[in-house]
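First comes the structure, then the notes that go with it.
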């Protein structure tokens, strides 16, 4: 891969973005709008005599080319099955392109709004949508992309934070102790669930990655797609207390099981997966702290209060993992 400066996007100027588009035969009209993305850089770009496009510049050194191409092939496979996802455009016979040390892909622009997850009909529709996605995701496995598991989302983030001296010295014993308890709880949750299927997932199925139109939902970002348990794409749709989440889960599964069978043992993993996501998120912020966009967007990170809150958060997760698993209503 080409040499890049310490700040990965220092040389990604507006001119560079337009030149990258021109390299694949798209002539920008000068209109560029930076979209909300921190891991990558994403722009809506006006194109001469054509509809605007969205161009995504992948964070250097995060994924191998083959891992990005697996993401692209997955979304194309879904699109071929008429599942509403936004797949990259094929330009000059390719979906992944290189320019000035950056790798990028171009997508059609698709609008929409955040889904109203307080509505039962919307939750059931989301369930059908994800069920169709998982029916395809379970047909093959990723070869190059990493799995979502305890090692990659638990032990590796913990070790990174400890080795980097991110935790304040006075909070380190409490943080380390509660994280060890949390990871032990995660291990026990996976043991209780047993050998559940690992399929290709969206991987980051929070409402911000779903756009809703009158025709229903569609996904716009598969950058975190991985191999993992199906419930990973379902639990982030749930919120509130246990009774609220039980009702929401019932609605989601009512739609999901129209297209894909759900293994109820995976409900043992809901709080475990939430725990892993919280730990991984702290490490993600720390790994990206040399990118100027992160201190500007997350000024509260790495403060004393931030780590105090994380200790309390992990304590809550330890308690949550000791509760009976969430269950859909009969």
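The values are calculated or read from the model by the stated rules, or taken from the named source; none is laboratory data. Computed from a predicted model, the values in this text were never measured in an experiment. As a convention, Cβ positions derive from the backbone with ideal geometry for all residues, glycine included, and neighbour counts pool all protein chains shown.
For residue 77, the test of being within 26 Å of residue 291 (Cβ to Cβ), out of contact with any strand residue (DSSP E or B) (no Cβ under 8 Å at 6 or more places or on another chain) and not in a loop (DSSP other than H, G, I, E, B) is failed.
Give segment 294-305 a look and list any residue that's part of a helix (DSSP H, G or I) and surrounded by 16 or more Cβ atoms within 10 Å (Cβ to Cβ), or say none.
Residue satisfying the conditions is 294 alone.
Here residue 91 passes the criteria (1) in contact with a helix residue (DSSP H, G or I) (Cβ under 9 Å, 6 or more places away or on another chain); (2) farther than 17 Å from residue 234 by Cβ; (3) modelled with pLDDT of 95 or more except the one numbered (1). Number of residues in segment 231-267 that are over 17 Å from residue 119 (Cα atoms) and in a loop (DSSP other than H, G, I, E, B): the value is 7. Of the candidates 216, 255, the single residue that is over 14 Å from the mean Cα position of the chain (by Cα) and on the phi > 0 side of the Ramachandran plot is 216. Contact annotation: no residue pair with Cβ atoms under 6 Å, 6 or more positions apart or on different chains, pairs a residue in segment 310-330 that is farther than 22 Å from residue 283 by Cα with a partner that is in a loop (DSSP other than H, G, I, E, B). Only one of the numbered conditions (1) more than 20 Å from the chain's Cα centre (by Cα); (2) at pLDDT below 95; (3) crowded, with 18+ Cβ neighbours inside 10 Å is not met by residue 115, and that is (1).
How many residues are out of contact with any helix residue (DSSP H, G or I) (no Cβ under 7 Å at 6 or more places or on another chain) and either surrounded by 15 or more Cβ atoms within 10 Å (Cβ to Cβ) or modelled with pLDDT of 95 or more (or both) when one looks only at segment 40-50?
Matching residues across segment 40-50 total 6.
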